[in-house]
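Notes for the one structure printed next.
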Amino acid sequence: NTNATPETESGTKPAFNTEFADDVKAGFAGSPKTLSSKYFYDGAGSKLFQQIMELPEYYPTRTEFSILKKQKAEIINFFNPSDFFHLVELGSGDGLKTKILLRQLLQAKARFEYIPVDISGDAINQLQSALSSELPDLKTVGFTGDYFKALHWLKRNKPGRKVVLFLGSNIGNFEDNGDLKFLQEIRKYLSPQDKILVGFDLQKDPRVIRQAYDDASGVTAAFNLNLLKRMNRELGANFEPEQFEHFTDYDPIAGVVKSYLVSKRNQTVTFSYLNHTVSFKAWEPIHTENSHKYSVDMIKELGRKSGFETEQLFTDEQHYFADVLFRV
Ligand code: AVI
């Protein structure tokens with residue numbers, strides 16, 4: 001098992017991450033205190049996220065899965081499969097959802113090459129070895145690293161038409177306007193004929209949304225609190241997770257779930273590797289995540305402002321989720 005981040009503080013220490021240390025210092029110096037949700041996904045956090053995706057309350061993953069399963073034939077037709085293209089997936093993870101499209105493309109004798117991109121080298125290696133046995137006819141060229149490094153590399157090394165996949169509603173986890181900046185940046189690497197399929201979580205009954213981020217079994221709370229444990233492991237901090245509380249709420253006007261870790265009392269935490277201390281007041285929040293929910297109008301407007309046209313929107317019967325195909 002290559003996914004070997006220790007879950008106890010007595011295990012092997014992960015390599016010191018300067019960017020994490022700097023972001024923690026800067027985020028805790030501000031008011032309100034913040035920490036980027038990108039730090040959720042260490043080994044322990046990624047395992048907890050896998051559990052979140054299985055929760056009865058967490059509808060996005062299973063809904064997107066059903067959209068892809070039911071509409072796979074129609075979706076891949078929009079990729080113009082008989083004309084060679086690179087299928088580039090940003091944040092491929094375990095590729096479970098993508099395999100539905102990959103199987104369909106192979107069955108349709110599509111002319112393409114699959115290029116999964118992930119920040120985790122372990123995820124890319126595991127996906128490549130799974131694909132080579134499960135779909136031996138598939139040509140896969142994995143890329144480990146940052147999305148924009150990958151797009152830059154592609155521009156130089158893989159000229160030709162591209163279809164980009166950005167599934168799973170990761171688009172919703174940016175700060176305000178971060179979704180627009182991200183799509184505008186992607187657009188710079190695309191040419192006429194290129195397309196991008198993006199997963200969006202749709203606005204719905206606010207109670208359904210709120211529950212998805214505050215499940216009864218406490219897995220999402222553990223996922224949020226893992227940030228404190230990660231700082232203990234990697235930055236030598238002495239957070240007591242029991243002294244913080246997971247709090248989350250959905251604002252139906254802004255269309256965003258905001259998650260926090262709230263300090264239950266006045267306390268001071270020492271970061272022994274950073275020679276640094278941070279104080280928290282009783283009930284002071286640390287903002288740890290945004291999860292934006294979209295209306296169809298917001299999606300079309302976002303596409304337009306980023307230089308795309310909405311070609312097709314694939315949704316489920318309840319209109320909980322949408323995979324949206326934008327063309328340049
Ligand atoms: C990864 N991302 C789309 C998830 C979401 O729903 O915003 C992360 C998550 N946070 C709490 N639960 C799931």
- Task: Working only within region 98-108, note down all residues that are farther than 20 Å from Thr144 by Cβ, assigned to a helix (DSSP H, G or I) and in contact (Cβ under 8 Å) with a residue 24 or more places away in the chain.
- Result: Ile100, Leu101, Arg103, Gln104, Leu105, Leu106
- Task: Looking only at region 22-41, decide whether some residue is free of Cβ contacts under 8 Å to residues at least 60 places away in the same chain, of a type in the set (A, V, I, L, M, F, W, C) and within 10 Å of the ligand (Cβ to nearest atom).
- Result: no
- What about Lys47, is it in a helix (DSSP H, G or I), at negative phi and under 18 Å from the mean Cα position of the chain (by Cα)? yes
- In region 206-237, residue nearest to the ligand (Cβ to nearest atom) [restricted to those that are exposed (fewer than 15 other Cβ atoms within 10 Å of the Cβ) and without any contact (Cβ under 8 Å) to a residue 60 or more places away in the chain]: Gly218
- Task: Could you check, for region 91-105, whether at least one of its residues is under 30 Å from Asp214 (Cα atoms) and away from the ligand (no atom under 16 Å from the Cβ)?
- Result: yes
- Message: Looking at the structure I just gave you, is Asp201 within 12 Å of the ligand (Cβ to nearest atom), closer than 28 Å to Val324 by Cβ, of a type outside the set (Ser, Thr, Tyr) and crowded, with 18+ Cβ neighbours inside 10 Å?
- Response: yes
- Going through region 289-314 in order, the residues found to be touching a helix residue (DSSP H, G or I) at 6+ places or on another chain (Cβ under 6 Å) and closer than 30 Å to Leu235 by Cβ are Glu289, Ser291, His292
- Query: How many residues, within region 199-220, are out of contact with any Lys or Arg (no Cβ under 7 Å at 6 or more places or on another chain), assigned to a loop (DSSP other than H, G, I, E, B), under 26 Å from Asp316 (Cα atoms) and not hydroxyl-bearing (Ser, Thr, Tyr)?
  - Reply: 5
- Going through region 51-89 in order, the residues found to be in a helix (DSSP H, G or I), surrounded by 15 or more Cβ atoms within 10 Å (Cβ to Cβ) and charged (D, E, K, R) are Arg62, Glu64, Lys72
- Task: Go through the residues of region 244-262 one by one and say whether even a single one is more than 13 Å from the ligand (Cβ to nearest atom) and of a type in the set (S, T, N, Q).
- Result: no
- Message: Looking at region 18-38, can you tell me whether even one residue there is within 18 Å of Asp201 (Cα to Cα) and either in contact with a Ser or Thr (Cβ under 9 Å, 6 or more places away or on another chain) or at pLDDT 95 or above (or both)?
- Response: yes
- Note on the structure: So the strands (runs of 3 or more DSSP E) completely within region 268-328 holding 2 or more residues that are crowded, with 20+ Cβ neighbours inside 10 Å, away from the ligand (no atom under 16 Å from the Cβ) and at pLDDT 95 or above are 276-280, 321-327
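The values are calculated or read from the model by the stated rules, or taken from the named source; none is laboratory data. These numbers come from a predicted model, not from an experiment. Don't worry about glycine lacking a Cβ; one is built from the backbone with ideal geometry, like all the others, and counts go over all protein chains shown.
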